[in-house]
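Asker: Just dropping this structure here.
Every number in this text was worked out from the coordinates using simple rules, so none of it is lab data. This structure is a prediction, so every number in the text was calculated from the model and none was measured. So basically every Cβ, Gly included, is an ideal-geometry build from the backbone, and we count neighbours across all protein chains shown.
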C-alpha cells in the first residue's frame with residue numbers, strides 16, 4: 001500500500017543513493033530519526049511492494065518502480081516549495097516543512113496546474129532541479145563554495161534546504177541562486193571564508209560554504225579573457 005511513510009522513505013533513499021551504491025540501515029535510521037529495527041521493518045515492507053532491492057547488512061536500492069514514485073514525490077515537493085514562496089510569500093527557510101505536509105495529498109491535475117501557473121519551472125526556490133512530468137531528473141550541481149580557489153568567481157546554483165536555520169543564515173548573507181560570488185580569502189585550519197557579494201565583503205562559516213553549490217562564472221571568465229586579449233593587442 002502506498003502511504004505517506006512509504007513515499008517519504010523512497011524519496012529519502014533516492015536522494016541518498018545518488019551518493020552511494022546502496023543505502024545502509026544506519027544511514028536511513030539517522031536520516032529518518034528512527035531506530036535501525038524500524039528501518040529494517042520498513043525496508044522489508046518496501047521490498048514486498050517491489051519498491052526496493054534489500055539485502056540485510058548490505059543495504060537497499062530503489063527499483064525502477066521505486067524511483068518513479070520517488071521522482072513524482074520530489075516533483076510535487078519542489079513545485080509546492082516554489083509555489084509557496086512565489087505565490088504565497090513564504091520565506092525560503094519555511095517552505096520545506098509546509099511542502100512536506102502537502103506533497104502526499106495533491107493530485108496530478110493539481111501538480112499540472114501549479115507547474116503551468118509557475119511557467120513550467122526547471123528549479124525550485126533553493127535551486128534544486130524539478131523532475132520532469134515523465135520522471136527525468138535534470139543535472140544537479142554538486143560543486144561547493146568551500147572547495148573553490150581563492151580569487152575564483154562563481155555563480156550560486158543551489159543551496160541545501162536540509163536545515164532551516166542554515167538556510168536563513170545563508171539567505172541573510174545574500175547567497176541565493178543566481179548570485180555571483182568571489183572567494184576573496186580563507187582563514188587557515190578550517191576558519192571563516194571571506195567572499196564578495198554585490199560589491200560587499202562578507203564572512204561566512206565553512207559549514208555554510210559546504211551547503212552552497214556553485215558553478216564557475218562564465219561571464220567573469222569571458223571578461224578576464226577579453227582583458228588579456230586587450231592587453232596583448234595593446
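Asker: In nm, to one decimal, how far is the modelled label at residue 30 from the one at residue 179, with both set 7 Å along Cα→Cβ?
Answerer: 2.9 nm
Asker: Give the order of 218, 79, 62, 184 when sorted by the count of other beta carbons within 10 angstrom, beginning with the fewest.
Answerer: Details: 218 10, 79 26, 62 23, 184 15.
Least to most surrounded, the residues fall as 218, 184, 62, 79.
Asker: Rounded to whole Å and sorted largest first, list the principal axis extents of the Cα atoms in region 4-62.
Answerer: On the principal axes, region 4-62 reaches 23, 23, 23 Å in Cα extent.
Asker: Right, next: When the helix-only estimate is applied to the chain (DSSP H runs of n ≥ 4, each -39,500 (n - 2.57), divided by the residue count), what is the mean residue ellipticity at 222 nm, nearest 500 deg cm²/dmol?
Answerer: On the way: 9 runs with 106 residues, N = 234.
Value at 222 nm, helices only, nearest 500: -14000 deg cm²/dmol.
Asker: Okay, moving on. Direction-averaged shadow area of the convex hull around the Cα atoms of region 79-196, nm²?
Answerer: Numbers: hull surface 32.9 nm².
Average projection, Cα convex hull of region 79-196: 8.2 nm².
Asker: Using the alpha carbons of the chain, what is the convex hull volume per residue in cubic angstrom, as a whole number? Write down the numbers at each step before the final one.
Answerer: Working: hull volume 38.8 nm³, N = 234.
Cα-based convex hull of the chain, divided per residue, equals 166 Å³.
Asker: Quick one: order 125, 106 by neighbouring beta-carbon count within 10 Å, fewest to most. Walk me through the intermediate numbers first.
Answerer: Details: 125 26, 106 16.
The order, fewest Cβ neighbours first, is 106, 125.
Asker: Separation between the residue 162 and residue 58 pseudo-spin-labels, each 7 Å from Cα along Cα→Cβ, expressed in nm?
Answerer: 2.7 nm
Asker: Using alpha carbons only, what's the Rg to Rh ratio of region 94-160 with Rh from Kirkwood? Provide the component values of the computation, followed by the final result.
Answerer: Working: Rg = 15.2 Å, Rh = 14.3 Å.
Answer for region 94-160: 1.07.
Asker: Sticking with this one: Compute the distance from the alpha-carbon center of region 16-78 to that of region 125-198, in whole Å.
Answerer: Each part's Cα centre sits 27 Å from the other's.
Asker: Using all Cα-Cα distances in region 54-124, what percent lands in each 5 angstrom bin from 0 up to the longest?
Answerer: Spelled out per bin, shortest first, that is 3, 16, 23, 22, 13, 8, 7, 5, 2, 0.
Asker: Compute the relative contact order of region 145-220 as a whole-number percentage, counting only Cα pairs closer than 8 Å that sit 6 or more residues apart in sequence. Don't jump to the answer; show the numbers that get you there.
Answerer: On the way: 137 pairs, mean separation 30.7, N = 76.
Once divided by the residue count of region 145-220, the mean separation gives 40 percent.
Asker: Output the Cα-based Rg and Dmax of region 145-220 in Å, rounding Rg to one decimal and Dmax to a whole number.
Answerer: 11.2, 32
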